[in-house]
Amino acid sequence: MDHILYWNSIALEANRRDFSNVPGTDKPSPEQGGPTLSSRALAIVHLAMYDAHAGVIGGAALPRYLTLPANPTPAFTAGEKPSAAAAAVAAAAHGCLSALYPRQKAYFDASHQGAGLSGTAIARGHAFGLAVAQATLKDRKDDPNASDNGYAASMHRGAHRADPANPTQGYHAPFYGARSKLFAVTARHELDSPSTLMATEHDNALKQVRGKGIMPKLIGTLPTTYSKRSVDESLVGVYWAYDGARELGTPPRFYNQIVREIAMSKNNSVNDNARLFAFVNVAMGDAGILAWDQKYIHDFWRPVQGIREHDLTMGPAAPTPPLNHIFNNDCDPDWLPLGAPSSNSSDKNFTPPFPAYPSGHATFGAAAFHTVRLFYGVLPGNHVADTVFTGPIVSDEQNGITRDNTGAIRPRHVRTFKDGLWQMIEENGFSRVWLGVHWSFDAFALNTTTGKPDPLRNIGGVPLGLKIAEDIFAAGIGKAPKKSTVGPRS
């Protein structure tokens with residue numbers, strides 16, 4: 001049994017379970033809530049798993065992320081190493097998961113018992129893995145939480161405010177990005193402001209999301225000149241969602257599910273999987289930090305506010321209009337989006353509780369999938385179709401089990417990607433427009449001639465995710481993540 005894949009599945013199940021009792025006032029909140037803390041948790045667990053495995057197996061091909069001067073790596077014979085590595089990874093994963101998700105400790109205990117550990121070096125492997133877990137958790141002990149205590153939303157035009165359809169939702173992780181140290185990048189990558197886009201680009205993005213992201217019952221209110229959402233676009237929007245829904249969890253879980261399929265299709269060795277899942281989850285850990293840093297720096301409103309308040313007479317900061325003011329018909333004061341789906345719940349669909357720019361989905365997806373592309377030999381700077389993996393992939397949002405918020409079971413959908421992981425990067429970014437919760441430039445600027453995504457412009461989550469992936473992979477010389485020296489912004 002591949003112990004990396006085994007404990008990766010336990011970590012993903014922990015994410016799913018963590019979000020399975022959220023709705024309702026009598027249910028506890030997630031212990032690692034939102035995309036920020038859930039990506040952090042997966043990064044911590046997979047770093048500990050990698051270091052535990054690498055510490056036992058040894059060799060220049062598996063450089064360590066952390067050193068343990070007070071707990072030197074015990075010596076293992078060649079015959080002992082496989083079972084000792086499995087025991088070390090089990091102890092590292094169990095220790096980190098139990099600390100991050102204490103309500104699920106009984107599940108982790110049962111998973112440890114079911115791991116099938118055997119061999120003469122189990123005890124020594126376990127002791128080493130536990131020391132790795134403790135060191136990894138200690139290294140991240142000063143990370144901030146996702147609280148919005150002390151945060152006050154701006155009333156300025158264009159700034160993010162709460163979803164008008166969910167006005168008590170609060171603000172997720174306004175200080176997380178600025179106050180977190182990084183996992184493996186060598187710099188705090190930043191994006192150009194969306195204000196640098198041409199006025200026509202803003203107008204096109206507004207018309208696109210107003211038409212294609214609208215709530216179904218409001219489609220009849222659209223001007224006839226607006227393009228409407230196709231069936232496939234509706235499908236894509238829900239397929240990639242994972243918006244902290246019951247029984248599903250957050251986007252990093254889905255991206256890991258896809259990476260698992262890739263790893264198995266490639267017949268990876270255990271060493272390969274230790275490296276691959278560490279790279280992918282550390283990239284997403286840093287994506288969560290840097291995307292949220294940029295979100296609250298740029299503080300850009302979501303379509304639900306931008307469309308409802310597009311005319312200058314709308315919103316809390318509206319000036320007194322001149323007497324000859326003509327109302328802008330691209331403004332719709334009653335517009336609402338299809339929304340992030342509240343799957344397996346009767347709750348309303350919603351707009352996520354943090355600023356739009358850049359898209360977290362786009363940043364996570366680009367960081368994860370481009371890391372996989374680099375791992376399998378795609379060169380840095382390559383932004384075109386690939387053949388690394390084309391599917392098929394079934395999303396838990398559309399697996400024949402998950403229900404929409406009316407109680408209807410969504411049919412199972414098998415999706416393939418003829419242009420490989422690059423298609424996933426683009427489709428994942430566009431998916432948020434079809435739900436009406438993001439502008440297209442939250443993922444990437446569009447080429448003004450071809451209308452296709454332009455990853456070379458420093459706009460949106462896709463360019464940010466690509467930078468994160470290439471930075472981490474280069475710093476680790478393609479072997480494994482190297483510990484970052486980049487601290488908090490403030």
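The values are calculated or read from the model by the stated rules, or taken from the named source; none is laboratory data. Everything quoted here is computed from the prediction, not taken from an experiment. We place every Cβ from the backbone using ideal geometry, glycine too, and count neighbours over all the protein chains shown.
Annotations for the structure displayed:
- Candidates in the range 346-366 are the residues that are among the small types (Gly, Ala, Ser) and modelled with pLDDT of 95 or more; of these, the one that is farthest from the chain's Cα centre (by Cα) is Ala356.
- Against the test of being surrounded by fewer than 20 Cβ atoms within 10 Å (Cβ to Cβ) and either within 30 Å of Asn281 (Cα to Cα) or over 21 Å from the mean Cα position of the chain (by Cα) (or both), the options Gly220, Gly237 yield a single qualifying residue, Gly220.
- Any pair with Cβ under 8 angstrom, 6 or more apart, that starts in the range 139-155 at a residue that is more than 14 Å from Pro355 (Cα to Cα) and loosely packed, with under 12 Cβ neighbours inside 10 Å and ends at one that is at pLDDT 95 or above and not small (Gly, Ala, Ser): Asp142/Lys181; Gly150/Phe175
Residues checked against (1) of a type in the set (Ser, Thr, Tyr); (2) modelled with pLDDT of 95 or more; (3) surrounded by 15 or more Cβ atoms within 10 Å (Cβ to Cβ); (4) out of contact with any Asp or Glu (no Cβ under 8 Å at 6 or more places or on another chain):
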| position | (1), (2), (3), (4) |
| --- | --- |
| Gly377 | no, yes, no, yes |
| Val394 | no, yes, yes, yes |
| Gly407 | no, yes, no, yes |
| Arg412 | no, yes, no, yes |
| Thr416 | yes, yes, no, yes |
| Gly420 | no, yes, yes, no |
| Ala445 | no, yes, yes, no |
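- Filtering the range 63-119 to residues that are more than 15 Å from Val132 (Cβ to Cβ) and basic (Lys, Arg) leaves Lys81, Arg103, Lys105.
- Among the residues listed as Ala317, Ala287, the single one being assigned by TED's automatic domain parsing to the domain that holds Ile459, touching a residue at least 12 places away in the same chain (Cβ under 8 Å), among the small types (Gly, Ala, Ser) and touching a helix residue (DSSP H, G or I) at 6+ places or on another chain (Cβ under 6 Å): Ala287
- Across the range 150-175, the number of residues qualifying as within 24 Å of the chain's Cα centre (by Cα) and on the phi > 0 side of the Ramachandran plot comes to 2.
- Residue among Thr320, Thr313 that alone is touching a Cys at 6+ places or on another chain (Cβ under 9 Å) and not hydrophobic (A, V, I, L, M, F, W, C): Thr313
- When the range 400-452 is filtered for residues that are on the phi > 0 side of the Ramachandran plot and outside any loop (DSSP other than H, G, I, E, B), only Gly420 remains.
- Tally of residues being closer than 24 Å to His413 by Cα, outside any loop (DSSP other than H, G, I, E, B) and among the charged types (D, E, K, R) across the range 348-399: 2
- Any hit, the range 320-331, residues being touching a strand residue (DSSP E or B) at 6+ places or on another chain (Cβ under 6 Å) and touching a residue at least 12 places away in the same chain (Cβ under 8 Å): no
- The number of residues in the range 346-389 that are more than 25 Å from Pro174 (Cβ to Cβ) and of a type in the set (S, T, N, Q) comes to 4.
- Matching residues in the range 243-271 - criterion: being among the aliphatic types (A, V, I, L, M) and either modelled with pLDDT of 95 or more or in contact with a Cys (Cβ under 7 Å, 6 or more places away or on another chain) (or both): Leu248, Ile258, Val259, Ile262, Ala263, Met264, Val270
- If you filter the range 269-299 down to residues that are buried (at least 24 other Cβ atoms within 10 Å of the Cβ) and aromatic (Phe, Trp, Tyr), you find that the one that is farthest from Tyr176 (Cα to Cα) is Phe277.
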